[in-house]
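Asks: Quick one: the structure is below, questions incoming.
Laboratory data are not the source of any read-out in this text; all were calculated from the coordinates shown. Since the model is a prediction, treat every value here as computed from it, not as a measurement. In this analysis, Cβ positions are derived from the backbone assuming ideal geometry, glycine residues included, and neighbour counts consider all displayed protein chains.
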Amino acid sequence: MRTALVTGAATGIGSAIATRLAADGFALAVADVDRAGAEAKAAALRDAGHEAAAFVADIADEADVDRLAREVLARFGQIDVLVNNAGITGPHGPFATYDRATLRRVIEVDLVGTLLCTQAVLPSMLERREGRIVNLASIAGKDGNPNLAPYAAAKAGVIAFTKSLARELASSGILVHAIAPGGVGGTSITKSAGTPLRDLGAQRTSVLATTPLGRLATPEEVAALASWLCSPDCSYTTGAVHDISGGRATY
Ligand SMILES: NC(=O)c1ccc[n+]([C@@H]2O[C@H](COP(=O)([O-])OP(=O)(O)OC[C@H]3O[C@@H](n4cnc5c(N)ncnc54)[C@H](O)[C@@H]3O)[C@@H](O)[C@H]2O)c1
């Protein structure tokens, strides 16, 4: 059965992508460091009539990631789609005094975790000469973000990784994409899906100032883009950074 492995799928954007890909006909491997969240999400997908199972892994942990790939392959037989979605922002703060352990953790989860998950899944895709890899980057990786330098650096790394791997794999039947959202509501980062801008307080000012469309994205809008990237309709694009920032990105 066509299978999609989505990391960080218990909540936020990953949860919306899992729902959308399940509706597209994929069996869903719901991976998260949050066991209860992953199990609840997989159960909800099964209740809705989809094939789904929960897997627990910290994507920054090599042993966890290798075990995750083995378990998903043992359960579903193949991995057609890998969505490297799990990520953390880390606290906002001036870089001069940014906590060193937190700095390392942000890079380990957001950048190294994406590389590790890809490396764990890739051999099985190469064997079958097909696959889709979708990496969640961020506009922060293109524009930079004051007081979020480790996060922005990690996401810039995810973009460079996407471009490199896509070119490396171009003749292998595997397409690699990055999605670069601006602000997305209903996630732990924003927690404001559907909230009118007038009620967003300080966030409103920055969203209005930087986003021509004048609102946050919904997780479902990001999921719709991921759905297209994983569909047969997407056949002649690889190594691209797909913007979903409400017009904020200038390139
Ligand atoms: N929300 C936004 O505005 C926004 C904007 C740009 C990019 N992004 C990116 O989109 C992705 C999803 O973000 P979100 O806002 O939905 O986040 P979220 O915090 O709402 O959800 C993230 C999920 O990942 C899981 N997770 C965290 N660390 C993990 C780890 N080490 N191993 C496994 N799972 C882990 C969490 O348990 C959670 O379920 C992230 O990569 C984020 O950087 C988000």
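Asks: How much space per residue, in cubic angstrom, does the convex hull of the C-alpha atoms of the chain take up?
Replies: 123
Asks: Sort Tyr98, Tyr251 so that the residue with the fewest other Cβ atoms within 10 Å of its own Cβ comes first and the one with the most comes last.
Replies: Ordered by Cβ neighbours within 10 Å, fewest first: Tyr251, Tyr98.
Asks: How many angstrom lie between the Cα centre of region 95-134 and the Cα centre of region 39-80?
Replies: 17
Asks: Another question, then. Sum up the charges of everything whose Cβ sits under 12 Å from the Cβ of Leu229, counting Lys and Arg as +1 and Asp and Glu as -1, but leave Leu229 out.
Replies: Neighbour charge sum, excluding Leu229 itself: 0.
Asks: Using just the helices of the chain, give the 222 nm mean residue ellipticity in deg cm²/dmol: DSSP H runs with n ≥ 4 each add -39,500 (n - 2.57), and the total is spread over all residues, rounded to 500.
Replies: The per-residue figure over the chain is -13500 deg cm²/dmol.
Asks: Could you calculate the contour length gain from Asp24 to Phe95, that is, 0.36 nm times the residue separation minus the distance between their Cα atoms, to one decimal place in nm?
Replies: Separation in residues times 0.36 nm, less the Cα-Cα distance, equals 21.3 nm.
Asks: Run down the aspartates and glutamates and flag those whose C-alpha is under 13 Å from the C-alpha of Lys142, throwing out any fewer than 8 positions away in its chain.
Replies: Once the sequence-local aspartates and glutamates are set aside, what remains near Lys142 is Asp243.
Asks: For the residue pair Ser206 and Ala44, what label-to-label distance in nm results when each label sits 7 Å from Cα along the Cα-to-beta-carbon direction?
Replies: Modelled inter-label distance: 2.7 nm.
Asks: Ordered by packing density, taken as the mean number of other Cβ atoms within 10 Å over each peptide's residues, highest first, how do 174-180, 4-10, 223-229, 148-154 rank?
Replies: 4-10, 174-180, 148-154, 223-229
Asks: Where Lys and Arg each count +1 and Asp and Glu each count -1, what net charge lies around Ala140 among other residues with Cβ under 14 Å from its Cβ?
Replies: 0
Asks: In degrees between 0 and 90, to the nearest 10, how far off the longest principal axis of the chain does helix 113-128 point, with axes built from Cα atoms?
Replies: 30
Asks: In whole Hz, what ³J(HN,Hα) sequence does region 169-185 give by Karplus (6.51, -1.76, 1.60; θ = phi - 60°), x for Gly and Pro?
Replies: Here the 3J(HN,Hα) series is 9, 4, 9, 9, x, 10, 9, 10, 10, 10, 10, 10, x, x, x, 10, x Hz.
Asks: Mind giving me the nanometre distance, one decimal, between the label points for Ala36 and Lys163, set 7 Å out from Cα along Cα→Cβ?
Replies: Modelled inter-label distance: 4.3 nm.
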